[in-house]
Amino acid sequence: MVRARRTGVALVRDDDVPLYRQIYEQFRTSIELGQLRPGDRLPSARRLAREFATARGTVDTAYAMLAGEGYVVTRGPAGTIVSPELGGPAIAKAVARPRRTDRVEPHATGGPKPFQMGLPSLDMFPRKIWSRVVASRARALSSAEMAYPDPAGFMPLREALAAYLATSRGITCTWREVLITNGYQDALGLIAEVLLDRNDKVWLEDPCYPLAHAALVATGVKLVPIRVDAEGMRVADGISQARRARLAVVTPSHQSPLGVALSLPRRLALLSWAHEAGAFVVEDDYDCEFRYVGRPLPALKSIDRNDRVLYAGSFSKVLFPSLRLGYLVAPKALVAACTRANLHRNSGPSTLPQRAVAAFMTEGHFARHVKRMRDLYAARRQALVAALSAVFGDDIVVELKPGGMHLVVQCPGHANDVELAKLAQAAGLAVEPLSSRAIEYPCGPALLLSFTNVAETDATDLCRRLYRAIGHGKRTTG
């Protein structure tokens, strides 16, 4: 019998520890102390998110971390329970397991910090235009639009996205194939609900985007990490390790976090594998708008002749993350199932933000904003690279990629990028270690630095701060 128990989880909003980490730590401690026993049911993610007035993704991430360490198991409609296997010696073993203190957590709350990953330029966002558009759409909101939303998304936004993707990414689709989601993690959850069963095998790039890893772990699938090299995911390795995998998740235009592009031969090999195996491919095109050398690479979806690719995009990187809107171009055969699943999961995203984004696009503001940001990021990237070179000299190596929103700063001769990142974070700089993005295959040492929120005039001062923080540590850690 599964018992539901109340838990005294309390979050501290102004703490430096991210909310998802606080939830994870408190549930883990409750399990280790025996306050939560094997078989006890945890509150649903939806209920806990509502109770704490936070995003459901925050709770999902915490639960995914607990599941990944064996503390809990997810049983579909039955909910999440403390693992029945954590009895006696098993719980002692779990308590004794070394905790992942090597992972430097990104700053999840508060204002942007220098070099913080995953954020667009918030200082240059056209707030006045956006405010005017939102106010106009709010005034025009009809009674019908104030009722429950279309679970597939607001039709004018879907139409605008279909037109945008045709011209910018070469994707031929109708608006009916475009579904609106609450961001990329929500899209992954939707895909998992429609396509995956527990213990299905899923290819995932290694290294990878950590929140994608967490979202997939939460579904109970078996992840198959696939090494990434200069040509992107090593598709032949995936076929060798798990030919009958159900899904592959890739970032082909600009691999996260290494920045390499999936080569054309490997793109064709990936599509051929998916067709022959009856599998699907998730294409995460998270920062496709920002390429500074040559023309943007065509989307993998644009050369998919057998309708095996689910193309996922997000407004988090091109507008702002708290908008919580993304989109999914689904194969025709999956549109109905995805729409039904969205209805059961969350009834679809809120209508007002969708109306605002649709107007922002159709009135031409979106295209102008993208062009302006592309030019801005090119200048900020150049300024940061020049400042790093001037301050650090030959102690670092920066290999520029054609696009993206961050730099991969190699640290030759220094094995411990985690310690370097901790020193930088202690100085208020949101630097991340590349090695923390690895699953099985080492990929460091290097530091990840975003340039999107680093003004050209601030680049040199920030690099000096970074040097003061890690200048000695980089020669003594390892």
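The values are calculated or read from the model by the stated rules, or taken from the named source; none is laboratory data. Keep in mind that this is a model prediction, so the values were computed, not measured. Here the Cβ is made from the backbone with ideal geometry for all residues, glycine too, and neighbour counts use every protein chain on show. Ligands, DNA and RNA are excluded from the accessible area calculation, which covers all protein heavy atoms including side chains. Shrake-Rupley method; radii C 1.70, N 1.55, O 1.52, S 1.80 Å.
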Long-range neighbours under 7 Å by Cβ, at least six apart or interchain, first residue more than 12 Å from Val72 (Cβ to Cβ) within segment 32-50, second of a type in the set (Ser, Thr, Tyr) and at pLDDT below 85
Ala49/Thr58
From the list Ser436, Ser450, which one is touching a His at 6+ places or on another chain (Cβ under 9 Å), within 30 Å of Phe125 (Cβ to Cβ) and among the hydroxyl-bearing types (Ser, Thr, Tyr)?
Ser450
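Enumerate the helices (runs of 4 or more DSSP H) found wholly within segment 22-114, keeping only those where 2 or more residues are modelled with pLDDT of 70 or more and either surrounded by 20 or more Cβ atoms within 10 Å (Cβ to Cβ) or not acidic (Asp, Glu) (or both).
Once the helices (runs of 4 or more DSSP H) in segment 22-114 are filtered for at least 2 residues that are modelled with pLDDT of 70 or more and either surrounded by 20 or more Cβ atoms within 10 Å (Cβ to Cβ) or not acidic (Asp, Glu) (or both), what remains is 45-52, 56-68.
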Within segment 309-341, how many residues turn out to be in a loop (DSSP other than H, G, I, E, B) and among the hydrophobic types (A, V, I, L, M, F, W, C)?
6
From the list His344, His369, exactly one residue is within 30 Å of Ala140 (Cα to Cα), modelled with pLDDT under 95 and assigned to a helix (DSSP H, G or I). Which is it?
His344
Evaluation of Val293 against (1) touching a residue at least 12 places away in the same chain (Cβ under 8 Å); (2) open to solvent by 50 Å² or more (accessible area, probe 1.4 Å); (3) part of a helix (DSSP H, G or I) (one fails), failing number
(3)
Considering only residues that are crowded, with 20+ Cβ neighbours inside 10 Å and at positive phi, which ones fall in segment 372-416?
Gly404
Tyr286 vs. criteria part of a strand (DSSP E or B) and within 30 Å of Leu407 (Cβ to Cβ):
no
Report yes if some residue within segment 301-308 is in contact with a Phe, Trp or Tyr (Cβ under 9 Å, 6 or more places away or on another chain), surrounded by 24 or more Cβ atoms within 10 Å (Cβ to Cβ), in a helix (DSSP H, G or I) and modelled with pLDDT of 95 or more; otherwise report no.
yes
Quick one: which of Ala152, Ala160 is crowded, with 20+ Cβ neighbours inside 10 Å and more than 16 Å from Leu310 (Cβ to Cβ)?
Ala160
In segment 275-286, the residues that are surrounded by 22 or more Cβ atoms within 10 Å (Cβ to Cβ) and of a type in the set (Gly, Ala, Ser)
Ala279
Pairs, please: C-beta under 7 Å, at least 6 apart or cross-chain, first residue within 21 Å of Leu119 (Cβ to Cβ) and in segment 407-421, second open to solvent by 20 Å² or more (accessible area, probe 1.4 Å) and part of a strand (DSSP E or B)?
Leu407/Val398; Val409/Val398
Can you tell me which residue is farthest from the chain's Cα centre (by Cα) among those in segment 163-202 that are of a type in the set (D, E, K, R) and crowded, with 19+ Cβ neighbours inside 10 Å?
Glu177
From the option list Ser143, Ser131, Ser136, single residue qualifying as among the polar types (S, T, N, Q), more than 28 Å from Arg75 (Cβ to Cβ) and at pLDDT below 95 is Ser143
Boolean, Leu388 is modelled with pLDDT under 95 and either more than 27 Å from Thr172 (Cβ to Cβ) or not hydroxyl-bearing (Ser, Thr, Tyr) (or both):
no
Scanning segment 215-234 for residues that are in contact with a Gly (Cβ under 8 Å, 6 or more places away or on another chain) and open to solvent by 40 Å² or more (accessible area, probe 1.4 Å) gives Thr219
Scanning segment 115-149 for residues that are in contact with a strand residue (DSSP E or B) (Cβ under 9 Å, 6 or more places away or on another chain) and among the hydrophobic types (A, V, I, L, M, F, W, C), which turns out surrounded by the most Cβ atoms within 10 Å (Cβ to Cβ)?
Phe115
So, in segment 170-192, how many residues would count as being under 15 Å from Arg340 (Cα atoms), part of a helix (DSSP H, G or I), at pLDDT 95 or above and of a type outside the set (A, V, I, L, M)?
2
